Amino acid sequence: MKNIAVQLWTVRSLCADAKGLASTLSALRSIGYTAVELAGLANVPAEEVRRILDDTGVTACAVHVDSQQLLSDPGAAAKRLATLGCMSAVYPYPSNQDFATAEGVSRLCQQLSSTGKVLASNGISFSYHNHSLELQRVGGQTVLEAILDQTDPKLVHVELDTYWLQAGGVDPIRWIKRCGKRGPLLHIKDYGVDSAGKPVSEEIGAGNFDWGSLFGAAKKAGVQWYIVEQDDHWMNGDPLESLRASWKYLSQR
């Protein structure tokens, strides 16, 4: 269980300031989690985040960095990660990117490779995090396929998300196998359907994924961190309660 982390976006409402972050990390430690992926902490200075991590004994396995900053000023992003004591940066969302044309996708790929080169020179690994929109087809292939094909595999990795792959109509296990060691980070969230037939994120083990097969594929592929995330649809409206249920399931495997 040492390589299980929590994506802090799950508990974003509880981490609005330093005090909230400290109490939330303590709560996660009490559940059993000892690592997190940082996100949504714009109101807490990096130095303060680092102090809280050290005080609570929680490791930052990766950081979701502002998309625009990563592309326009990757050097500044590298300095922030150094302050946080984390050597893994993630591009979280393709804000203001053109996915309507192959040219637009290629332009983003060039930018991602440039960012990856700067981060690598600072000893920082770089990953692209997918949602379902990267599964649209442009120029005969999906955007996610284009990102893999048109970026340097040594400079740009991927952080696959099981829920969003399923929502995009593809098989998460197939994608985990395809990415192999290029996918060191994996967002795990279960995929369910509500009474109206609408897809919803669920606690790990509460949805429809075959986690035995998925974890088996992930282990063979060389996944280094399994990062629990649940955007919403929490048990009794409490993200910590949902994270507790996910931990219980994972700890019994």
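A few notes on this one:
- Answer residue from the range 187-231, given it is within 19 Å of the chain's Cα centre (by Cα) and among the hydroxyl-bearing types (Ser, Thr, Tyr) and is nearest to Gln7 (Cα to Cα) among those: Tyr226
- Pairs, first within 27 Å of Glu37 (Cα to Cα) and touching a residue at least 60 places away in the same chain (Cβ under 8 Å) in the range 88-105, second part of a strand (DSSP E or B) and of a type in the set (Asp, Glu), C-beta under 6 Å, six or more apart: Val90/Glu159
- Whenever a residue of the range 19-36 is within 19 Å of Tyr226 (Cα to Cα) and touching a residue at least 24 places away in the same chain (Cβ under 8 Å), its partners that are among the polar types (S, T, N, Q) and in a strand (DSSP E or B), lying with C-beta atoms within less than 9 angstrom and at least six residues away or across chains, give the pairs Thr34/Thr59; Ala35/Thr59; Val36/Gln7; Val36/Thr59.
- Matching residues, the range 51-95, being over 19 Å from the mean Cα position of the chain (by Cα) and polar (S, T, N, Q): Thr56, Ser72, Thr83
- Tabulated pairs, the range 132-146, first closer than 14 Å to Gly104 by Cβ and of a type in the set (D, E, K, R), second assigned to a helix (DSSP H, G or I) and at pLDDT 95 or above, C-beta under 6 angstrom, 6+ apart or interchain: Glu134/Val143; Glu134/Leu144
- Residue match in the range 238-245 (condition: surrounded by fewer than 15 Cβ atoms within 10 Å (Cβ to Cβ), at pLDDT 95 or above and touching a helix residue (DSSP H, G or I) at 6+ places or on another chain (Cβ under 8 Å)): yes
- Within the range 24-50, the set of residues being of a type in the set (Asp, Glu) and under 19 Å from the mean Cα position of the chain (by Cα) comprises just one member, Glu37.
- Only residues that are in a helix (DSSP H, G or I), under 15 Å from Cys86 (Cβ atoms) and hydrophobic (A, V, I, L, M, F, W, C) were counted across the range 22-57, and they come to 5.
The values are calculated or read from the model by the stated rules, or taken from the named source; none is laboratory data. Please read all numbers here as calculations on a predicted model, not as lab measurements. As a convention, Cβ positions derive from the backbone with ideal geometry for all residues, glycine included, and neighbour counts pool all protein chains shown.
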